[in-house]
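What follows is a single structure, written as structure tokens, with notes after it.
The values are calculated or read from the model by the stated rules, or taken from the named source; none is laboratory data. Small disclaimer: the values here were computed from a predicted structure and weren't measured. Heads up, the Cβs are rebuilt from the backbone with ideal geometry, glycines too, and the neighbour counts pull from every protein chain shown. Surface areas here come from the heavy atoms of the whole protein model, side chains and all, with no ligands, DNA or RNA. Shrake-Rupley method; radii C 1.70, N 1.55, O 1.52, S 1.80 Å.
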There are 2 protein chains.
Amino acid sequence: MIQINKSEFEKYERLYKINLINSCSGFKSANLIGTRSLEGCDNVAIFSSVIHLGSSPALLGFIMRPDTVPRNTLENIRATGSYTINHVSVNFYAAAHQTSAKYPENISEFEKTGLTPDFKNNFWAPFVKESPVQMAMKLVEEIPIKRNGTILVIGEILDIYFKEDILAKDGFLNLSKAEVVTINGLDGYCQPSLIERREYARPK
Amino acid sequence: MIQINKSEFEKYERLYKINLINSCSGFKSANLIGTRSLEGCDNVAIFSSVIHLGSSPALLGFIMRPDTVPRNTLENIRATGSYTINHVSVNFYAAAHQTSAKYPENISEFEKTGLTPDFKNNFWAPFVKESPVQMAMKLVEEIPIKRNGTILVIGEILDIYFKEDILAKDGFLNLSKAEVVTINGLDGYCQPSLIERREYARPK
């Protein structure tokens, strides 16, 4: 095994370090977050930091860097309280990745990437039509992480949409069946296949 | 597509709801967190909430539920400031899952699951010898999430250990090559295969 310590990797060239440290947390979720400004301009951006925070209430979080690319996302969420989270599948991961390009604020990434905005049940923010698992989210809270200036954005799930055939008898959504991808580092798109579900663990 | 709204899923039976909502964030990281109490009792527990928070400084976070199973983990981290994060691979995911059983506080999950504690370079907490990517972590901060009583535990990476053959020329660690797994929901273990790495996206 190779060992790299902090004093070494802190001296690495910027992109090399970003690639290394972004691989360190393990596989990451791949989601498109859809928003719409008060003026009606749509925005969609890829995130790899969406995490489960709890089931009752049903809360998901994600990490925002206020000073980097998808800043429209946070502005729109603050202004409207609404956003969507949409899982990325193998069929459109390249278009999803392209949403990370720095488009001007008044440009919709939907138009530029070929993804299709989908408006449902009078919800303000656009869903991504191509996505096999889509959620309507309500902003609950922003928690600043002072150590590095990022923000944990917490939202509550209002609606879940998914393809019927991925629902198991016990509520489990089989994401592999929907060909949802996972992200390794900044830019590695991977397709997971289910090995097995393990039983609830008890001391033996 | 099926739609389930909040007023419906909130009424679901507890385990059904947990399975459903735990699938909603997408694929999750699979990590073992290793700790050692001041008295020298080792602890290892599986987590699916480790996330990347930033590269400079190199910060990872994870979510703790103070009132559920792996509570020794947090007590030990608070007491010693030290812990390890170890990626789970296909070779030992079943043993990793078994660490989620409710063992008494004075029992080492290493002994009960067959995982091997590994002590390196005088670091206080045990690494998991079987793991292809291992990190020594220093506690930075705990951020309480009041909405549901969970805690975001933030740590800085001190050392990274990994198998040499998974390092790409640009710093990327190829986790698929190390057969690292990802988690779907509470208990679905999946093996990802790399489709491709995408180039840095620019407006076209």
Expected max-MSF residue from A:173, A:139, A:20 in the GNM of chain A (alpha carbon, under 10 Å) is A:20
Cα-Cα longer than 22 Å, checked against B:120/B:177; A:146/B:28; B:177/B:204; A:177/B:28, kept in input order, equals B:120/B:177; A:146/B:28; B:177/B:204
Expected max-MSF residue from A:163, A:11, A:112 in the GNM of chain A (alpha carbon, under 10 Å) is A:11
Surrounding charge for residue B:173, neighbours by C-beta under 11 angstrom, Lys/Arg +1, Asp/Glu -1, total -1
iface B-A | buried accessible area, total | probe 1.4 Å | Å², round 100 | 9100 Å²
For region A:60-130, what percent of Cα pairs sit more than 18 Å apart?
42 percent
Pseudo-label separations to other copies for residue B:163 - Cα-to-Cβ vector, 7 Å, nm:
3.2
Over 19 Å (Cα to Cα) - which of A:11/B:169; A:112/A:138; B:129/B:163 fall in this group:
A:112/A:138
Would you give the gap between the C-alpha center of region A:77-129 and the C-alpha center of region B:76-139, rounded to a whole Å?
39 Å
Long-range amide H partners of residue B:89, meaning residues 5 or more apart or on another chain whose placed amide H is closer than 5 Å, are B:181
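Which three numbers, in whole Å and largest first, are the semi-axes of the equivalent ellipsoid of region A:79-166 derived from its Cα gyration tensor as √(5λ)?
Ellipsoid semi-axes (Å, largest first): 22, 19, 14.
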So what is the diffusion coefficient of chain B in µm² per second by Stokes-Einstein at 37 °C and 0.692 mPa s, using a Kirkwood Rh over Cα pairs?
180 µm²/s
If you bin every alpha carbon distance in the protein assembly as shown into 20 Å steps from zero, what whole percent lands in each bin?
29, 61, 10, 0
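Please work out the ratio of the alpha-carbon Rg of region A:1-121 to 2.2 N^0.38 Å and round it to two decimals.
Relative to the 2.2 N^0.38 Å estimate, region A:1-121 comes out at 1.22.
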Whole-number accessible area per residue in Å² for the protein assembly as shown, which is evaluated in the context of all protein chains at 1.4 Å
40 Å²
Using 5 Å bins from zero, what percent of all Cα-Cα pairs in region A:32-101 falls into each bin?
3, 15, 25, 26, 19, 9, 3, 0
